[in-house]
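Below: the structure, in structure tokens.
The values are calculated or read from the model by the stated rules, or taken from the named source; none is laboratory data. In this text, all values refer to a predicted model and were calculated from it rather than measured experimentally. Using ideal geometry, Cβ is built from the backbone for each residue, glycine included, and neighbour counts are taken over all protein chains shown.
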Amino acid sequence: MRLFSLLSTSLVATLVAGHPGHDLSKELRERLDFLANNRNDLSHCAEQMRARGLDAINARRRTQLAEHLMKKRNLEVRDISNPYNTTHKSSVSYTAQTDLSTVFAGNNSCVLSPEQIEGPYYVAGERVRQNVTEDQQGVPLTVDIQIVDMDTCKPIPGAYLEIWHSNATGVYGGVVARGNGVGELDMSNLNNTMLRGVQKTDDAGAVQFHTIFPGHYIGRTIHIHVAVHLNAQPQPNGTLLDTTAAHVGQMYFDQDLIDEIETRAPYTLNTQNKTTNDQDIWLATAAQSSDPFMEYVVLGKGVDDGLLAWLSFGVNTTLARQG
């Protein structure tokens with residue numbers, strides 16, 4: 001089984017250009033320049049990571065996480081090879097007798113690039129927390145993310161990794177803007193912290209978030225935003241306010257998985273025009289040089305029981321952007 005890359009390398013300019021109403025040409029040129037002059041995965045680190053036992057650590061962590069989620073939801077370990085065995089679904093069949101470390105072994109990856117423009121859907125000062133779901137309804141999704149130094153091939157502990165994404169009907173919390181839900185008709189959305197959070201990486205450079213599968217919104221395929229803060233410190237109130245983001249990016253999902261989930265409520269309530277993976281310009285840019293999709297397993301009989309998805313990705317620690 002190969003470990004599908006969870007994080008898109010189309011991460012440059014994701015915050016502004018990744019949303020409707022903005023000129024993409026400058027950001028696309030910058031992204032293409034980056035791809036032409038930088039490594040796009042961690043393949044050069046594979047032997048070092050294996051020799052240091054990092055692959056085994058990753059497999060053990062993800063195994064324990066899957067077992068915990070299944071137990072919490074009263075699910076049995078099932079053969080997951082069908083019917084969701086799409087390109088980025090873990091393709092190893094297993095039963096209750098199969099060691100889950102078999103499923104979660106490996107370390108395929110992609111590399112984040114330095115972000116150039118801060119966009120309208122980013123909100124600084126989010127809470128340090130693992131569960132960002134709040135009261136949002138949708139397919140449960142747990143994400144395990146690891147960051148690795150591109151130069152040393154070692155995990156990056158003590159960094160803060162931030163995620164944010166839309167809800168099942170394609171609306172971001174914390175933002176009042178044209179194209180985001182009902183826009184200025186709901187000013188209370190400025191105080192909405194749903195589906196946003198920050199976690200500190202452990203000794204293996206890893207974090208986990210509990211959330212829901214995002215919904216689509218006009219002009220973009222479904223994705224999750226990610227930012228890495230290398231030298232940040234949380235505030236006394238439990239939030240992280242840092243103007244320097246080393247790298248910012250997006251995580252993508254297989255179209256077959258998206259189509260399956262969007263047949264379920266509350267995703268069926270989404271009235272925004274849908275953009276598929278093959279129509280998304282940022283995903284197309286990423287796919288030129290890497291595999292920018294999440295690897296995942298279905299935890300139960302179907303997606304309603306929840307998903308576990310994971311990645312390892314590279315960061316050039318010498319590059320950072322001042323916000």
**Item:** Residue list for region 216-227, filter: among the aliphatic types (A, V, I, L, M) and either closer than 17 Å to L311 by Cβ or at pLDDT 95 or above (or both)
**Value:** I222, I224, V226, A227
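Conditions tested, residue by residue: (1) modelled with pLDDT of 90 or more; (2) assigned to a strand (DSSP E or B); (3) of a type in the set (F, W, Y).
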| position | (1), (2), (3) |
| --- | --- |
| F209 | yes, yes, yes |
| P214 | yes, no, no |
| P236 | yes, no, no |
| I258 | yes, no, no |
| T263 | yes, no, no |
| T271 | yes, no, no |
| A286 | no, no, no |
| V297 | no, yes, no |
| K301 | no, no, no |
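Every residue in region 216-234 that is β-branched (V, I, T) and part of a loop (DSSP other than H, G, I, E, B), please. Break it down into steps so the answer makes sense when it comes.
In the first step, residues of region 216-234 are kept if they are β-branched (V, I, T); the result is 218, 221-222, 224, 226, 228.
I218, T221, I222 - these are the residues of region 216-234 that are β-branched (V, I, T) and part of a loop (DSSP other than H, G, I, E, B).
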**Item:** Filter result (under 21 Å from A124 (Cβ atoms), assigned to a loop (DSSP other than H, G, I, E, B) and either touching a Lys or Arg at 6+ places or on another chain (Cβ under 9 Å) or among the basic types (K, R) (or both)) within region 193-207
**Value:** T193
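Okay, residues lined up against (1) modelled with pLDDT of 80 or more; (2) out of contact with any Lys or Arg (no Cβ under 8 Å at 6 or more places or on another chain); (3) surrounded by 23 or more Cβ atoms within 10 Å (Cβ to Cβ):
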residue: H229; (1), (2), (3): yes, yes, no
residue: A232; (1), (2), (3): yes, yes, no
residue: F253; (1), (2), (3): yes, yes, yes
residue: P292; (1), (2), (3): no, yes, yes
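Can you tell me which residue in region 273-283 is modelled with the highest pLDDT, limited to those that are part of a helix (DSSP H, G or I) and surrounded by 15 or more Cβ atoms within 10 Å (Cβ to Cβ)?
Taking region 273-283 first, the residues part of a helix (DSSP H, G or I) are 277-279, 281-283.
Pick out the ones that are also surrounded by 15 or more Cβ atoms within 10 Å (Cβ to Cβ) and you get 277, 281-283.
Working: N277: 92, I281: 83, W282: 79, L283: 80.
Selected residue: N277.
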**Asked** When region 303-323 is examined, which residues are found to be modelled with pLDDT of 70 or more and in a strand (DSSP E or B)?
**Response** L307, L308, A309, W310, L311, S312, F313, G314, V315
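Filter region 238-256 for residues that are part of a loop (DSSP other than H, G, I, E, B), over 18 Å from G205 (Cα atoms) and within 17 Å of the chain's Cα centre (by Cα) and give the result. It would help to see each step written out before you state the result.
So in region 238-256, the residues part of a loop (DSSP other than H, G, I, E, B) come out as 238, 241-243, 246, 253-254.
Retained after the next criterion (residues that are over 18 Å from G205 (Cα atoms)): 238, 241-243, 253-254.
Within region 238-256, F253, D254 qualify.
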**Request:** For Q199, work out the one condition from (1) more than 15 Å from the chain's Cα centre (by Cα); (2) modelled with pLDDT of 95 or more it doesn't fulfil.
**Result:** (1)
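Which residue, of L195, L185, L190, is free of Cβ contacts under 8 Å to residues at least 24 places away in the same chain and in contact with a Gly (Cβ under 7 Å, 6 or more places away or on another chain)? Please lay out each step first, then the result.
Numbers: L195 fails: free of Cβ contacts under 8 Å to residues at least 24 places away in the same chain; L185 fails: in contact with a Gly (Cβ under 7 Å, 6 or more places away or on another chain).
Just one listed residue meets the conditions, L190.
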**Residues of region 46-55 satisfying the condition of being surrounded by fewer than 18 Cβ atoms within 10 Å (Cβ to Cβ) and touching a residue at least 24 places away in the same chain (Cβ under 8 Å)** = A46, Q48, R50, R52
